[in-house]
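Everything below concerns the one structure shown next.
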Amino acid sequence: MQRNQFVKTVRRSINLNDLPTINSLPIKNKLGNITNRATLIKQFVHEANAVKCHTHLVNDHEIAMDTILNLLSDQPNKKYMSWDDKWLPIPNFNTILKNLKYEHCNNYIPQDREKRQSTYKHLEQACIGITGCSAGLADTGSIILESQAGQGRLCSLLVPIHVALITSNQIYPTMGSYLSDKSDNVTRSSNCNIITGPSRTSDITQTLTLGIHGPGTLHIVIIDN
Amino acid sequence: MTVTKLTFYDRIDNALSHPEKQLAISAGAKAKYINRANAMAEFQDMEMTRQLARQVRANTLSKLDLYLEQFADNVETLGGKIFWAKDADECNNYIHQLAVRHNVKLIAKSKSMLTEEIDLNDSLGHANIEVVETDLGEFIVQLSNDRPSHIIAPVLHMTREDVGTIFNENLNVPFTTDPSELNTIAREHMRHIFLNADMGISGVNFGVAESGSICLVTNEGNGRLISTTPRIHVAIMGMERIVPTLTDLNTMLQLLARSATGQKLTVYNNIITGPKRTNELDGPDELHIIIIDNGRSNILASSLSEILYCIRCGACLNACPVFQSIGGHAYGSVYPGPVGSILSPLLFGNHFDPLPHASSLCGACKEVCPVDIDLPSLLIKLRTQNIQKGSAPLWMQISQWIYAVTICNPILFQIFLQLAQTITNRFSQKGWITKLPGPLKNWTNQRDFPALAQKSFRQMWSSNKE
Ligand code: SF4
């Protein structure tokens, strides 16, 4: 159907129905209180744990690095996926791992069908995906991830374990407060995800199980210096 | 949508003859009802947010034409394609042609009631294109050739044993009833599909007019996978699913999660703004958004347009005592429960006219609806329309006619009252009738019927006067 025809039909329906037009919305979205940082971090950690994340509150990026190395050492192989250094709050992250003989799986996905599928095959072997965040939301324990250059979507999607790094000044009280500050960031890349806990389902007799399609384990490392 | 030949009453009898399913359904629905109530109880600004959401929906529908154009302009600027589909055929044909053009053999699909509404899988199946449902519940439904029984929880009617048997018979795995083992089986089976599919198909929870974004909401992550790994992503959106701004989207997401599952937010709120951009690493090269009417503009023009506020959270299903007893399949439509009793006759025609009568009008649905749709009033409007166009059952039309004549005529009214008094008092014990004869016994099987008073008000009045 042509666009103008479609829209014309809709317009005719609206006119027939005489729906009231509400121009200004008298009720406004609440933004949440900007309380002090310590309270905000506490709330974020509490809510993230409640949705079954593993949170690690650390004082500097060196301890953060140790935490990640610990997680990596438990894995069956040395392959991992991650965002570019530019997007991670630990300086030279990927170089450090390279020196320790970890293998970074490049997640640039080519257009060609065969190449695409062989890249996926390779990426599937990675045990851990490491990303930064654009923000954290204290009231729900959520993290917000974008997909700009160097911020692959698959790092937080294909792997069984996702580790997200966040600095404490990135935590906002609510989604409303984030949007009123940074709403352009939500749409500046093709994909923005608000992630609240690890992948889950309750489809079978309402019993909760984790890790159905996305990562079954989500670690959030909060660097508060 | 394929429509069964069975009448509504046959379908109800069917449902009631499977007590184990009935138990699974009522337990599941009640658990969901309680989860929602708990999540709402701790939501400070619940009622305010609910009214805000209602305003957003009303505002959007009253200017839907403008918002649709704004949305489409933004999507096209970002390099996405928009296709305007009048009905199911136009939509299915477009996808079919697209699939053929790109030599697509395998399609991974995330859960979407709209694609059930338009029978997309059947239409692609006829063209020998394999479509795999990736939502766990929908996957089980697909394997067992069943139909979803709930818009949020497709296998609400199944027990663990049912699922174990279905996996055992179809996937060549040992029988198990452990949900986490079943989960692992599904995960492993589905990996291959995600990584080899040439096309991903999803619905759209919300389209954002101001940015041309679409939002897909899933707990499992399949919505993210099918919109990332295949080269082409096709998203099908009912034309009413627009919100004007990202802030409005936020309002809806808060309510949707709490109403649907009792979570504060769904695990993945996946906001997609155009196809993969030049310097990005992964994501689909092509994004097609199909905006479909399929009867919605007629609803918009009618006095029942309020039903288009619906955000498909499923809360009214869980709250409905009728749904809790008969389950989703008895409704015979992809949209069951209170919302389905209104949508189904409007979208799919006369065969569904009896549905609005299957309600006690208790109002539980309106109470839980996150956009405060006045579902009982809409049900009554539909009942009235049924009587007016003569599609209500004959016994109902006759009894309504008798009632209308009687109530307008004092003498007739007296006579009938006397008659009713004598009859009900004959059957009653201590003012209650516990057993009625013939077809009326269905009523007294479940509850007692109060007998009429020994003396009517008129009789007391005239005897007092003397
Ligand atoms: S009618 Fe209301 S309660 Fe029912 S599914 Fe729609 S939004 Fe949810």
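The values are calculated or read from the model by the stated rules, or taken from the named source; none is laboratory data. What you see is a predicted model, and the numbers here were worked out from it, not measured in a lab. Reconstructed Cβ throughout: ideal geometry from the backbone, glycine too, with neighbour counts over all protein chains shown.
Numerical summary
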item	result
Residue selected from region B:371-394 under the condition under 30 Å from B:L255 (Cβ atoms) and among the basic types (K, R), by the criterion nearest to the ligand (Cβ to nearest atom)	B:K381
Counted residues, region A:112-164 - those being assigned to a strand (DSSP E or B) and among the hydrophobic types (A, V, I, L, M, F, W, C)	10
Pick from region B:312-341, criterion part of a loop (DSSP other than H, G, I, E, B) and surrounded by fewer than 24 Cβ atoms within 10 Å (Cβ to Cβ), ranking: farthest from the ligand (Cβ to nearest atom)	B:V334
First in region B:1-17 and over 26 Å from B:S123 (Cα atoms), second anywhere and modelled with pLDDT under 85 and not in a helix (DSSP H, G or I), Cβ under 9 Å, 6 or more apart	B:D10/B:T4
Helices (runs of 4 or more DSSP H) contained entirely in region B:1-98, each with at least 1 residues that are of a type in the set (A, V, I, L, M, F, W, C) and closer than 21 Å to B:L317 by Cβ	B:8-16, B:19-41, B:46-62
Any hit, region B:154-170, residues being aliphatic (A, V, I, L, M), within 16 Å of the ligand (Cβ to nearest atom) and more than 7 Å from every other protein chain (Cβ to nearest Cβ)	yes
Unmet requirement for B:N294, which otherwise passes all of (1) more than 7 Å from chain A (Cβ to nearest Cβ); (2) on the phi < 0 side of the Ramachandran plot	(2)
Selection status of B:S211, facing chain A (nearest Cβ under 10 Å), closer than 30 Å to B:Y67 by Cβ and in contact with a helix residue (DSSP H, G or I) (Cβ under 6 Å, 6 or more places away or on another chain)	yes
Close pairs (6 angstrom Cβ cut-off, 6 or more residues apart or separate chains): at the interface with chain B (Cβ under 7 Å from one of its Cβ atoms) and free of Cβ contacts under 8 Å to residues at least 12 places away in the same chain in region A:184-206, in a strand (DSSP E or B) and of a type in the set (G, A, S) anywhere	A:T187/B:S213
Pick from region B:68-105, criterion within 11 Å of chain A (Cβ to nearest Cβ) and aliphatic (A, V, I, L, M), ranking: surrounded by the most Cβ atoms within 10 Å (Cβ to Cβ)	B:L68
Yes/no for B:C408 being within 15 Å of the ligand (Cβ to nearest atom) and surrounded by fewer than 14 Cβ atoms within 10 Å (Cβ to Cβ)	no
Condition met for B:P275 (in contact with a Pro (Cβ under 7 Å, 6 or more places away or on another chain) and either facing another protein chain (nearest Cβ under 9 Å) or of a type in the set (S, T, N, Q) (or both))	yes
Considering residues of region B:352-365 that are more than 23 Å from B:V3 (Cβ to Cβ) and in contact (Cβ under 8 Å) with a residue 40 or more places away in the chain only, the residue farthest from the ligand (Cβ to nearest atom)	B:C362
Matching residues, region B:342-387, being assigned to a helix (DSSP H, G or I) and of a type in the set (S, T, N, Q)	B:S344, B:N350, B:S377, B:T384, B:Q385, B:N386
